[in-house]
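Asks: One structure, as structure tokens, below. Some questions next.
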Amino acid sequence: MNREKLKTAKRIVIKIGTSSLILANGKINLKNIDELAFMLSSLQHEGYEIILVTSGAIGVGLNVLGLDKRPAEMAQQQALAAIGQVELMSLYKHTFARYQQKISQLLLTNDVIEFPESRKNASDALNATLSLGIIPIINENDAVSVDEMDHKTKFGDNDRLGAIVTTLSDADLLIMLSDIDGLYDKNPTIFDDASLIETVSEITDHLMKAAGGAGSRFGTGGMTSKLEAAKLIFGANKQMVLTNGARIWEIRDILEAKKKGTYFGQ
Ligand SMILES: Nc1ncnc2c1ncn2[C@@H]1O[C@H](COP(=O)(O)OP(=O)(O)O)[C@@H](O)[C@H]1O
Ligand SMILES: N[C@@H](CCC(=O)OP(=O)(O)O)C(=O)O
């Protein structure tokens, strides 16, 4: 059956990575943010329920402060995320407003999701926001989520957060926007003969090896973390499409079950 199920998706989580929000020169990728706001607002107006999981707090924070790399000290990184998150949401607010779409912000930590009462609170807030016709925008609360010995507050990365939000909200689909067209049989930024994998129905050790190596300059995940997120998606019997954040209009094709990006599902 594979992609046919995409045609019936109604509640959709979109995860956008830092590499799609920040240009290589450290400036904000206004084109992608504008296209994202247009696409998500249009879909919401047409009756889809849309949740955006965004990275970029640190990347935007670096831009605000005119820095070109993360500071080493943890408290400085926390400050950077706190500064960048405000600016990121301000960008989203103004851009979505251009398309008559209201947004909200939800900042999560791993412990909130693992503790049943607060997990329910997060899910209630999400459902109530969606029923008001608003697009919730979610990020990790990077200013406070620092791992301590006995208390795991960090999700690890936003690919994992995207998968967790998909299960938390019982969404039908996770669309993961990255700086690459999908999953390849080897890293295409290193190997010219890498070929795109259209469908993945299981995360094997072989695939994990093909995805090895670090990601982009300001992000954290890389392809390995996208496959770890896909494992959570399979475990929850959900589906995911990994595609390029530089061609946001292809979300339409994805929802029509056309062969774009890599489809993770049975
Ligand atoms: N097998 C693979 N297929 C696709 N990309 C890969 C693969 N192995 C490693 N990568 C790298 O993963 C990167 C995407 O991860 P990342 O830069 O963290 O994106 P994002 O910021 O969107 O989360 C690609 O640009 C590529 O360099
Ligand atoms: N929460 C962090 C992003 C962490 C992350 O996983 O980044 P990415 O690999 O770009 O999705 C931030 O907003 O900067």
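Each reported figure results from applying straightforward, stated rules to the coordinates on display, with no laboratory input. The model shown is predicted, which means the values in this text are computed figures rather than measured ones. Glycine also receives a Cβ, built like all others from the backbone with ideal geometry; neighbour counts cover every protein chain displayed.
Asks: About its Cα centre, how strong a charge dipole does the stretch 27-74 have in debye, to the nearest 20, once Lys and Arg get +1 and Asp and Glu get -1 at the Cβ?
Replies: Once rounded to the nearest 20, the dipole reads 280 debye.
Asks: Compute the whole-percent fraction of alpha carbon pairs in the chain spaced more than 22 Å apart.
Replies: Here the tail beyond 22 Å accounts for 53 percent of pairs.
Asks: Filter the trypsin sites (Lys or Arg not before Pro) in the stretch 111-157 down to the DSSP loop ones having no more than 16 other Cβ atoms within 10 Å, then list what survives.
Replies: K152
Asks: Also: Normalized C-alpha radius of gyration of the stretch 55-128, against 2.2 N^0.38 Å? Could you put the intermediate results ahead of the total?
Replies: On the way: Rg = 15.1 Å, N = 74, 2.2 N^0.38 = 11.3 Å.
Scaled against compact globular proteins, the figure is 1.34.
Asks: Rounded to whole Å and ordered largest first, report the semi-axes of the equivalent ellipsoid of the stretch 69-216 derived from its Cα gyration tensor (root of 5λ).
Replies: Numbers: eigenvalues 161, 89, 71 Å².
Ellipsoid semi-axes (Å, largest first): 28, 21, 19.
Asks: Setting aside same-chain residues fewer than 8 positions from K7, which lysines have a Cα under 16 Å from its Cα?
Replies: Partners within reach: K238, K258, K259, K260.
Asks: Rounded if a/c is under 1.5, else prolate if a/b is larger than b/c, else oblate: which is the stretch 94-172, with a ≥ b ≥ c the root eigenvalues of its Cα gyration tensor? Don't jump to the answer; show the numbers that get you there.
Replies: On the way: a/c = 2.33, a/b = 1.67, b/c = 1.40.
In terms of gyration-tensor shape, prolate.
Asks: Something else: If R₀ is 45 angstrom, what is the calculated FRET efficiency for the pair E114 and H45, using the beta carbon separation as r and rounding to 0.05? Provide the component values of the computation, followed by the final result.
Replies: Numbers: r = 35 Å, r/R0 = 0.78.
According to the calculation, E is roughly 0.80.
Asks: If you don't mind, there's one more thing I want to ask. For a Förster distance of 41 Å, can you work out the FRET efficiency between the beta-carbons of S123 and D193, rounded to the nearest 0.05?
Replies: My answer for the efficiency is 0.35.
Asks: Anyone know which of G235, G245, G84 comes out most mobile in the 10 Å Cα GNM of the chain?
Replies: Between G235, G245, G84, it is G235 that shows the largest mean-square fluctuation.
Asks: Let me ask something else. At 7 Å along the Cα-to-beta-carbon direction for both N244 and D34, put a label point, then send me their distance in nm to one decimal.
Replies: Those two pseudo-labels are separated by 2.0 nm.
Asks: Reachable aspartates and glutamates from K102, Cα under 14 Å, same-chain residues fewer than 8 places away excluded?
Replies: Counting by Cα, and skipping residues close in sequence, K102 has these aspartates and glutamates nearby: E49.
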